[in-house]
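Can you read through this structure? Questions will come right after.
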Amino acid sequence: MPPRAPLVHIHDHALPDADFSRLWRKVRALGTERLRQTYQTTFWFDLGEPTNVVEQIILELRPRVPLRRGLAGVEWWFSRMRTTDVQVDFHQDRDEKLALRGGPLVHPRFTSLLFMNSVRGGALAVTKALPCEDNPSLAPDTADFDLVAPKPNRFAYFRGDLTHGVLDANNQIPDGKLPGTSRLRVTLVMNWWGQRPTDIPTFNESKVYRSLALPPAGRTR
């Protein structure tokens, strides 16, 4: 049988070096702000005028994703975790608040990530198989994964209804906290939507991560 088509599409050196370095400096400057709520701190960007450095980067990355029509905008957030203590189970991205209210299951058109740094382990694992509640980290029964290693300025995208998760510091399915510690694995996550997800604020509405905001017009960076 011919090999299956890859589930994940990867672009290395996705941004000009100066733009990536500027973004990485801004992200590091966040320090521990909302670190424990990193997955609950999400923003909506309608692809109009950017209000912060991340939205500038999203506009730069837009040509990398094969969406030309029917795109309402991007939901974005930072994933910040230690690979010795992975904080996310295998899952499919969805309109989370709609689903929790008993609404239909709605997925983004595409999920994408910009990896900010290299760490020990921490590969992204993507599969067509569904999560399984009987397994550690809800991992699917079939471990037929496409794997993407974290690497600075590496951009990856995949279909928005695919199951994905993060492997631990040993690049194994997480099954509890590992001994020792590791540096934070940092990625910018961007979900590309055909419709705005339920109750996701814009950056200006959220009033957090203010150090990412762009200076007023006419001022230098």
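The values are calculated or read from the model by the stated rules, or taken from the named source; none is laboratory data. Since we're looking at a predicted model, the values are computed, not measured. Virtual Cβ from ideal backbone geometry, glycine too; neighbours counted across all protein chains shown. What goes into the accessible areas is simple: the full protein's heavy atoms, side chains included, and nothing from ligands, DNA or RNA. Shrake-Rupley method; radii C 1.70, N 1.55, O 1.52, S 1.80 Å.
Considering each of ARG183, ARG196 in turn, give the residue that is in contact with a strand residue (DSSP E or B) (Cβ under 9 Å, 6 or more places away or on another chain), open to solvent by 40 Å² or more (accessible area, probe 1.4 Å) and over 18 Å from THR32 (Cα atoms).
Residue meeting the stated conditions: ARG196.
Can you run down the residue pairs with Cβ atoms below 8 Å, 6 or more apart or on separate chains, where the first is in region 133-160 and within 27 Å of GLN195 (Cα to Cα) and among the small types (Gly, Ala, Ser) and the partner is open to solvent by 60 Å² or more (accessible area, probe 1.4 Å) and part of a loop (DSSP other than H, G, I, E, B)?
Matching pairs, first to second residue: GLY160/ARG109.
Matching residues to (1) touching a Pro at 6+ places or on another chain (Cβ under 7 Å); (2) of a type in the set (Gly, Ala, Ser):
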residue	(1), (2)
ASP85	no, no
PHE115	yes, no
VAL119	yes, no
VAL126	no, no
LEU130	yes, no
PHE155	no, no
PHE158	no, no
SER182	no, yes
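Take the conditions under 30 Å from PRO215 (Cβ atoms) and in contact with a Pro (Cβ under 6 Å, 6 or more places away or on another chain) and apply them to GLN56. Does it pass?
yes
When only residues in region 29-46 that are among the charged types (D, E, K, R) and in contact (Cβ under 8 Å) with a residue 12 or more places away in the chain count, which is least open to solvent (accessible area, probe 1.4 Å)?
GLU33
Here's a follow-up. Taking the condition acidic (Asp, Glu), surrounded by 19 or more Cβ atoms within 10 Å (Cβ to Cβ), outside any helix (DSSP H, G or I) and within 15 Å of the chain's Cα centre (by Cα), does GLU55 pass?
No.
Checking LYS207 against (1) touching a residue at least 60 places away in the same chain (Cβ under 8 Å); (2) surrounded by fewer than 21 Cβ atoms within 10 Å (Cβ to Cβ): exactly one of these is not met. Which one?
All conditions pass for LYS207, except number (1).
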